[in-house]
Amino acid sequence: MFTVLICGNIQTEKLAAFSQEVAVLSRGANYYPIEISPPFGDEPLDSEVSGGASQFYSAMNCNYMAYINCLPESNKKIKYSCSEISEDLTDYFVKVKDRSEFLQFVKNLAKALIVDVTEELYIVFADEWDEGQDIRLIESDFDGVISYFTENNSWDLWLYNVDNRSYVTKHPYIPLVFKVS
């Protein structure tokens, strides 16, 4: 299941305010953030990402993690999903839409978050994430995150097949993590 996480090492005295700000900005973008604390179980993190997310949380000394859920709690068919974010980024890249709701959310995060609140902040994209699995880590600022998705179809690793003259998805299950500064 497609997963988007915001996590990091937040200054303890500013953790509550940071959490509140992420929640307000998320709801403003029609996302339903779910804060996650260790130990990580299958809910709300899908079992296919909980092992890697748990290891990442510990290894990076995080004290905050929120799952950006695109579905309201009233949706009974699927309990949690971020697939709308993936669709939004793809539609924006192929010019079906001239504006990405997710990238606007990232811009709003950049405006609202004070740099001295975090020691480290990460935006994570994953579909499957096993403990011990390698990830793609990109150190960037918020503008770099936006540029990445302006230049790339999605968080997946896309390659170009010359014979078919088309893009193909390769290694779709390698998590992409932005370390945002």
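The values are calculated or read from the model by the stated rules, or taken from the named source; none is laboratory data. Keep in mind that what you see is a predicted model, and the values were worked out from it rather than measured. Methodologically, a virtual Cβ is constructed for each residue, glycine included, from the backbone with ideal geometry; neighbour enumeration extends over all protein chains shown. Areas reflect the complete protein model, heavy atoms only, side chains present, ligands, DNA and RNA absent. Shrake-Rupley method; radii C 1.70, N 1.55, O 1.52, S 1.80 Å.
Summed over the range 18-61, the residues that are touching a strand residue (DSSP E or B) at 6+ places or on another chain (Cβ under 9 Å), in contact (Cβ under 8 Å) with a residue 60 or more places away in the chain and open to solvent by 40 Å² or more (accessible area, probe 1.4 Å) give a count of 2. Being under 18 Å from GLU128 (Cβ atoms) and part of a strand (DSSP E or B) is a description that applies to LEU5.
Surrounded by fewer than 20 Cβ atoms within 10 Å (Cβ to Cβ) and touching a Ser or Thr at 6+ places or on another chain (Cβ under 9 Å): does that describe GLU84? No. Each residue in the range 43-79 was checked for being at pLDDT 90 or above and among the polar types (S, T, N, Q), and 5 pass. Taking the range 8-17 as the range and being in contact (Cβ under 8 Å) with a residue 60 or more places away in the chain and part of a helix (DSSP H, G or I) as the test, the residues that pass are LYS14, ALA17. Of the residues making up the range 146-181, those that are closer than 24 Å to CYS62 by Cα and assigned to a strand (DSSP E or B) are LEU176, VAL177, PHE178, LYS179, VAL180.
Could you please let me know if ASP98 is farther than 18 Å from CYS7 by Cα, of a type in the set (Asp, Glu), open to solvent by 80 Å² or more (accessible area, probe 1.4 Å) and modelled with pLDDT under 90? Yes; evaluated as a whole, the condition is true for this residue.
The residue that is nearest to GLU119 (Cα to Cα), counting only those in the range 136-163 that are open to solvent by 50 Å² or more (accessible area, probe 1.4 Å) and of a type in the set (Val, Ile, Thr), is ILE138.
Here TYR92 meets each of (1) open to solvent by 30 Å² or more (accessible area, probe 1.4 Å); (2) at pLDDT 90 or above; (3) of a type in the set (Phe, Trp, Tyr) with one exception, condition (2). Taking the condition without any contact (Cβ under 8 Å) to a residue 60 or more places away in the chain, surrounded by 13 or more Cβ atoms within 10 Å (Cβ to Cβ) and aromatic (Phe, Trp, Tyr), does TYR173 pass? Against the criterion (without any contact (Cβ under 8 Å) to a residue 60 or more places away in the chain, surrounded by 13 or more Cβ atoms within 10 Å (Cβ to Cβ) and aromatic (Phe, Trp, Tyr)), TYR173 qualifies.
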